[in-house]
Structure formats: structure tokens, C-alpha cells
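**Q** Pasting a structure below so you can have a look.
The values are calculated or read from the model by the stated rules, or taken from the named source; none is laboratory data. Just so you know, these numbers come straight off a predicted model, no measurement behind them. Don't worry about glycine lacking a Cβ; one is built from the backbone with ideal geometry, like all the others, and counts go over all protein chains shown.
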Amino acid sequence: MSTSDNKITIGVLAVQGAFIEHEHMLQSLGVDCIEIRKPEQLDQIDGIVLPGGESTVQGQLLRKLHMLSPLRKMIQNGLPVLATCAGLILLSEEIDNGEPAHLATLPVTVKRNAYGRQLGSFCTTSDLPQISGFPMVFIRAPYIASTQESVKVLGTVDGHVIAVQYKHQIGLSFHPELTDDTRIHQYFVEMVRGTAKSNIA
């Protein structure tokens with residue numbers, strides 16, 4: 001956990017999906033990372049990344065490994081989280097196809113595989129607050145169909161919400177870890193550092 005020099009450790013959920021790219025990007029920023037596969041590892045982290053993959057499988061594994069409830073409680077208590085694609089679905093309070101919610105800490109409704117087969121995977125460039133011209137990679141991506149008023153919309157593409165922030169939770173439809181642009185991860189790292197500093201102050 002955090003030390004007096006504000007050194008941080010970020011966990012990357014590694015039960016399924018494309019987690020290694022997040023690790024590489026965080027490590028390129030000089031951040032210590034650990035792969036999270038057991039509930040006791042949650043005690044070692046100052047923030048967590050929920051990667052892309054299969055959200056239903058990830059949710060099942062979180063339950064099987066007894067991590068769903070403790071992770072939900074940590075996020076509700078302020079653990080910073082960066083969630084991409086399937087990770088966004090894990091966070092969402094509601095999934096529009098009727099699938100039961102998983103962590104349900106982010107007050108949004110997501111639409112799974114929202115872009116369909118024809119646009120199942122595509123790339124574009126769009127602006128985010130304080131981050132202009134960010135390259136966005138979408139792979140069988142969801143989008144955010146609705147948000148509660150407390151949720152800040154960070155970005156849209158073709159009229160669909162694809163990036164939000166709620167307190168210390170960032171949810172993205174796209175995969176910043178599949179680009180060479182580290183700005184979103186840097187923003188998340190600074191959020192984690194700020195939270196860790198406030199916790200030890």
C-alpha cells in the first residue's frame with residue numbers, strides 16, 4: 001500500500017481478458033503493478049484496472065474467487081478504478097439486455113456489443129477533457145445508453161457516450177491500452193496518487 005513518498009501499487013484484474021497491455025502501459029509510467037487473482041491481493045493495491053475481455057465470464061470468476069463483494073466494497077469506499085470495455089460492463093449498475101449486474105458501482109446503463117458486427121471493431125479519434133485527439137480502439141464495444149446526473153460524461157462518439165467518470169471510477173467503451181498514447185493511464189495514475197496521499201495524510 002501507500003508509503004510516505006506516495007509510492008503506489010495498481011492492481012490489474014487478471015482472471016480473464018486482455019490485462020497484460022494495461023500492465024505494460026502502467027509500467028512504462030513507472031508504476032508498480034500486480035496481477036489480481038485472489039481476494040487477499042486486494043489489500044496490496046491503491047487502485048485497480050478492470051480490463052477488456054468477456055464481462056460475463058469475469059463476473060462469474062469474481063464470484064467464484066470470492067472477490068466480487070470485497071472489491072465492490074472497496075470501490076464504494078473510494079478505491080480508484082479504470083474500467084475498459086468489459087470492465088465498464090462489470091462496473092455498471094444496469095446492463096440493458098437484462099444480464100444481472102456485477103459490481104454495480106457505476107450509476108449508468110450500458111448496451112453490450114452495441115455497435116454490432118459491421119462496426120464490431122473500429123478506430124477513431126476524439127477529444128476528452130484536457131486530452132485532445134485521443135486515438136480510440138473499439139472492439140465489440142459497449143456504449144453507455146444512459147447516466148444518472150451525478151455521472152460526468154467525458155466523451156462521445158457518433159452521439160453515443162463512450163467515456164464517463166463518477167467519483168473515482170472511470171469507465172471507457174474503448175481500449176486506451178492498445179494505443180501508444182499514455183495520457184488516460186497517466187490521468188488515472190495521478191488520481192490514484194491523489195487518493196493515496198489523502199488516505200495517509
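**Q** When only residues in the stretch 96-124 that are in a strand (DSSP E or B) and either of a type in the set (D, E, K, R) or modelled with pLDDT of 95 or more (or both) count, which is nearest to the chain's Cα centre (by Cα)?
**A** Among those that are in a strand (DSSP E or B) and either of a type in the set (D, E, K, R) or modelled with pLDDT of 95 or more (or both), it is LEU106.
**Q** Could you look through the stretch 55-69, keep only residues that are farther than 28 Å from GLY194 by Cβ and either part of a helix (DSSP H, G or I) or free of Cβ contacts under 8 Å to residues at least 24 places away in the same chain (or both), and pick out the one that is nearest to the chain's Cα centre (by Cα)?
**A** SER55
**Q** Write out, first by first residue and then by second, each pair whose Cβ atoms fall under 8 Å of each other, whose residues are 6+ apart or on separate chains, and whose first residue, in the stretch 4-21, is of a type in the set (Ser, Thr, Tyr) while the second is in a strand (DSSP E or B) and at pLDDT below 90.
**A** So the pair list comes out empty.
**Q** So, one more: Could you run through the stretch 1-54 and say how many residues are assigned to a loop (DSSP other than H, G, I, E, B) and either touching a His at 6+ places or on another chain (Cβ under 8 Å) or closer than 15 Å to ILE184 by Cβ (or both)?
**A** Counting residues in the stretch 1-54 that are assigned to a loop (DSSP other than H, G, I, E, B) and either touching a His at 6+ places or on another chain (Cβ under 8 Å) or closer than 15 Å to ILE184 by Cβ (or both) gives 5.
**Q** A follow-up question, please. Could you tell me which of the residues VAL153, VAL164 is within 15 Å of the chain's Cα centre (by Cα), surrounded by fewer than 16 Cβ atoms within 10 Å (Cβ to Cβ) and closer than 18 Å to GLU94 by Cβ?
**A** Details: VAL164 fails: surrounded by fewer than 16 Cβ atoms within 10 Å (Cβ to Cβ).
None of the other options fit; the residue is VAL153.
**Q** If you take the residues in the stretch 49-61 that are of a type in the set (A, V, I, L, M) and surrounded by fewer than 24 Cβ atoms within 10 Å (Cβ to Cβ), which one is farthest from PHE174 (Cα to Cα)?
**A** LEU61
**Q** Inside the stretch 54-71, can you point out the residues that are at pLDDT below 95 and polar (S, T, N, Q)?
**A** Those that are at pLDDT below 95 and polar (S, T, N, Q): SER55, THR56.
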